[in-house]
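Scroll down for the structure; my scribbles are underneath it.
The values are calculated or read from the model by the stated rules, or taken from the named source; none is laboratory data. This is a predicted model, so every value here is computed, not measured. Because the Cβ atoms are built from the backbone with ideal geometry, glycine has one as well, and the counts that use them run over all protein chains shown.
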Amino acid sequence: MSNRETDAGGQGDGVDVDAVVIGAGFSGLYMLHRLREQGLDVRVYEKGDEVGGTWYWNRYPGARCDSESHIYCYSFDEALHEEWEWSERYPEQPEILEYLQWVADRLDLRRSIAFETEVTGATYDEETASWTVETADGERVRTRYFITAVGCLSKPYRPDFEGLDDYEGEWYHTARWPHEEVDFSDEHVGVIGTGSTGIQFISEVGGRAKHLTVFQRTPNYAVPARNRPLDADEYEDIRANYDDIWERARDSRLGMPFDHDHQTDFGLSDAEIRETLEERWQQGGFRFLHAFEPGTVLSDPELNEFIAEFIREKIREQVDDPETAEKLVPTDHPYAAKRPPMDYDGYYETFNRDDVSLVDVNESPIERFTPDGIRTADADYDLDMVVFATGFDAMTGALLALDIEGRGGQTLEEKWEAGPHTYLGLGTNGFPNLFTITGPQSPSVLTNMPMAIEQHVEWIADCIEFMETEGYDRIEATEDAEAQWVQNTNMLAENMLFSEAKSWYRGANVPGKTQVFTPFPGGLDNYREICDRIARDEYDGFDLGRATAATTAD
Ligand code: NAP
């Protein structure tokens with residue numbers, strides 16, 4: 001294998017760098033590390049002025065990860081988890097950011113990252129099998145491998161409400177939260193959205209603001225997280241068992257090392273099911289989803305409805321006013337068919353406070369902003385500040401924003417007009433040498449993300465090593481393999497309860513977006529096996545070759 005790491009300056013074969021990676025979050029940092037270890041010259045472009053990705057941008061009050069901290073980190077380097085210690089069962093945003101900053105320093109990654117640099121375009125050249133990547137500063141860099149590490153939830157979505165320009169108060173989107181502290185204490189605050197983000201924000205800011213008005217369109221099934229500090233004994237136990245923890249996480253559907261109590265509810269009485277759910281409710285977090293095998297929960301309507309009803313009862317128990325409780329009870333979608341949120345600080349109990357009120361915008365839609373606040377079909381709400389917790393143009397938004405032009409001048413936007421088409425979520429026909437970490441039709445958001453990210457980064461790194469060793473300089477998913485993979489993903493999703501929810505998994509949250517279920521729902525364990533087999537079969541379903549120019553020169 002060639003050792004290509006060079007001083008600043010060009011490569012022997014006409015490219016400026018071997019690989020360009022976009023994004024310096026969990027994926028980009030590990031991709032950089034792996035490729036550098038393989039001797040490649042890598043440049044990372046990052047829009048923010050720091051590493052962190054999601055955890056750099058999403059710094060709203062209450063931001064925390066729903067995956068448990070001891071598995072929401074890298075597993076690839078034992079030294080990293082020997083040296084780092086999480087303080088709580090679920091990591092808070094500043095601690096995750098600090099972790100990623102520490103990893104960047106520890107692995108000496110920063111010298112290869114251009115911060116505050118936005119990529120505005122990338123064009124493939126067939127003759128040389130290379131990409132030219134352009135930045136907003138006008139820099140153009142030619143690279144052999146072009147790797148996106150832009151995350152699945154990074155392009156914020158804000159509904160286009162009439163009158164926002166004339167609104168005289170302050171407004172923020174949770175995914176672009178200011179770095180300075182926002183003081184709510186004297187403010188009448190409105191928050192739109194009750195997804196995972198809204199629920200965290202509401203729990204944190206309810207009681208801190210003079211008044212908080214929650215504009216809810218769809219209620220959710222929030223399960224208690226049961227957060228707590230991690231004590232030294234518990235941590236010692238985690239460290240002693242890390243090998244086993246990682247093995248079980250890698251070999252699981254959701255990238256989490258949790259056992260389930262039952263595969264199905266077959267043969268169990270209602271009382272036995274309830275007892276299992278009650279025990280899991282006390283454990284909290286994603287352990288609740290593991291009372292039964294998660295794939296069964298998401299495909300057996302009766303079991304799912306039993307669990308949904310169990311949660312509905314729990315919500316009613318926590319909310320004093322029966323009318324408010326009914327508004328908070330979800331009935332329009334199965335449990336976990338939308339990403340299930342976690343309740344950290346008594347989310348439902350927040351609505352028992354006099355200084356928190358709930359507006360059901362399903363019943364009474366938001367009509368517009370006025371200079372003083374929000375007008376719904378029924379009333380005007382005077383607000384000093386409005387917070388949009390309205391989510392993201394998920395899965396494809398950030399990728400399409402890169403303005404990628406592949407073989408024959410076809411753009412990714414054109415190619416994905418009817419929804420994303422990929423092979424394994426890693427490659428796309430018509431876009432050679434483009435690798436998309438946690439791309440559409442890979443397990444990504446249906447898993448504990450670092451597990452899915454590591455699997456992708458390692459697969460891509462091995463693939464590139466194979467190409468370098470075998471003398472290939474072009475790889476491209478075939479049309480057939482891609483069509484089959486898309487069909488396979490759609491079929492799996494249609495046979496699950498995901499199809500019964502209007503979720504961002506399907507693009508249903510963004511008006512006008514093509515609705516198609518986007519992540520691969522077959523489980524990280526199965527997906528990993530498929531990817532490994534394809535690699536063993538010398539990248540079955542991909543065309544490997546040499547650049548036209550190289551072939552001609554031969
Ligand atoms: P989200 O799940 O898409 O929620 C957006 C919310 O805004 C929904 O309640 C939605 O209502 C509402 N909304 C959107 N447009 C609206 C409109 N025009 N009028 C009224 N309401 C509107 O976004 P998110 O909460 O930011 O979460 C996105 C994902 O990020 C999560 O599912 C999760 O995967 C990830 N996340 C993770 C964590 C964590 O690990 N702790 C924390 C936050 C986020 P509808 O439901 O009716 O569309």
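Quick notes on this structure:
- Residue match in segment 94-106 (condition: out of contact with any Pro (no Cβ under 6 Å at 6 or more places or on another chain), crowded, with 17+ Cβ neighbours inside 10 Å and assigned to a strand (DSSP E or B)): no
- Residue among 151, 163 that alone is surrounded by 18 or more Cβ atoms within 10 Å (Cβ to Cβ), at positive phi, in contact with a Ser or Thr (Cβ under 8 Å, 6 or more places away or on another chain) and in contact (Cβ under 8 Å) with a residue 40 or more places away in the chain: 151
- Which listed residue is out of contact with any Ser or Thr (no Cβ under 7 Å at 6 or more places or on another chain), surrounded by fewer than 21 Cβ atoms within 10 Å (Cβ to Cβ), in a helix (DSSP H, G or I) and touching a residue at least 24 places away in the same chain (Cβ under 8 Å), from 525, 462: 462
- All positions within segment 101-120 that are assigned by TED's automatic domain parsing to the domain that holds residue 46 and among the β-branched types (Val, Ile, Thr): 113, 117, 119, 120
- Within segment 175-213, the set of residues being of a type in the set (Val, Ile, Thr), within 14 Å of the ligand (Cβ to nearest atom) and within 17 Å of residue 342 (Cα to Cα) comprises 194, 197, 199, 202.
- Residues that are within 14 Å of the ligand (Cβ to nearest atom) and out of contact with any Phe, Trp or Tyr (no Cβ under 8 Å at 6 or more places or on another chain) were ranked within segment 335-352; the one that is nearest to residue 297 (Cα to Cα) is 343.
- Filter result for residue 344 (more than 30 Å from residue 24 (Cα to Cα) and aromatic (Phe, Trp, Tyr)): no
- Segment 493-509: number of residues that are crowded, with 19+ Cβ neighbours inside 10 Å and within 14 Å of the ligand (Cβ to nearest atom): 8
- When each of 267, 169, 198 is tested for being in contact (Cβ under 8 Å) with a residue 60 or more places away in the chain and in the same structural domain as residue 346 (by TED's automatic domain parsing), the lone residue that passes is 198.
- Per the conditions (1) touching a Lys or Arg at 6+ places or on another chain (Cβ under 8 Å); (2) surrounded by fewer than 19 Cβ atoms within 10 Å (Cβ to Cβ), the sole criterion not satisfied by residue 345 is (1).
- Pairs where the first residue, in segment 327-340, is among the aromatic types (Phe, Trp, Tyr) and the second is away from the ligand (no atom under 11 Å from the Cβ) and modelled with pLDDT of 95 or more, C-beta under 6 Å, 6+ apart: 335/221; 335/304; 335/307; 335/308
- Note on segment 115-131: residues that are aliphatic (A, V, I, L, M) and in contact with a Pro (Cβ under 9 Å, 6 or more places away or on another chain) total 1.
- Test: residue in segment 262-271 that is away from the ligand (no atom under 16 Å from the Cβ) and in a helix (DSSP H, G or I): yes
- Residue match in segment 230-246 (condition: under 23 Å from residue 519 (Cα atoms) and part of a helix (DSSP H, G or I)): yes
- Meets criteria (within 21 Å of residue 25 (Cα to Cα) and buried (at least 19 other Cβ atoms within 10 Å of the Cβ)) for residue 64: yes
- Index of the failed condition, residue 252 passing every other in (1) part of a helix (DSSP H, G or I); (2) more than 16 Å from the ligand (Cβ to nearest atom); (3) not aromatic (Phe, Trp, Tyr): (1)
- Residue count, segment 386-443 (criterion: among the basic types (Lys, Arg) and touching a residue at least 60 places away in the same chain (Cβ under 8 Å)): 1
- Meeting the requirement of 1 or more residues that are within 15 Å of the ligand (Cβ to nearest atom) and under 23 Å from residue 324 (Cβ atoms), the strands (runs of 3 or more DSSP E) wholly within segment 355-448 are 356-360, 366-370, 373-376, 380-382, 385-388.
- Test: residue in segment 45-64 that is in contact with an Asp or Glu (Cβ under 6 Å, 6 or more places away or on another chain), basic (Lys, Arg), assigned to a loop (DSSP other than H, G, I, E, B) and modelled with pLDDT of 95 or more: yes
- Here residue 420 passes the criteria (1) within 30 Å of residue 129 (Cβ to Cβ); (2) touching an Asp or Glu at 6+ places or on another chain (Cβ under 8 Å) except the one numbered (2).
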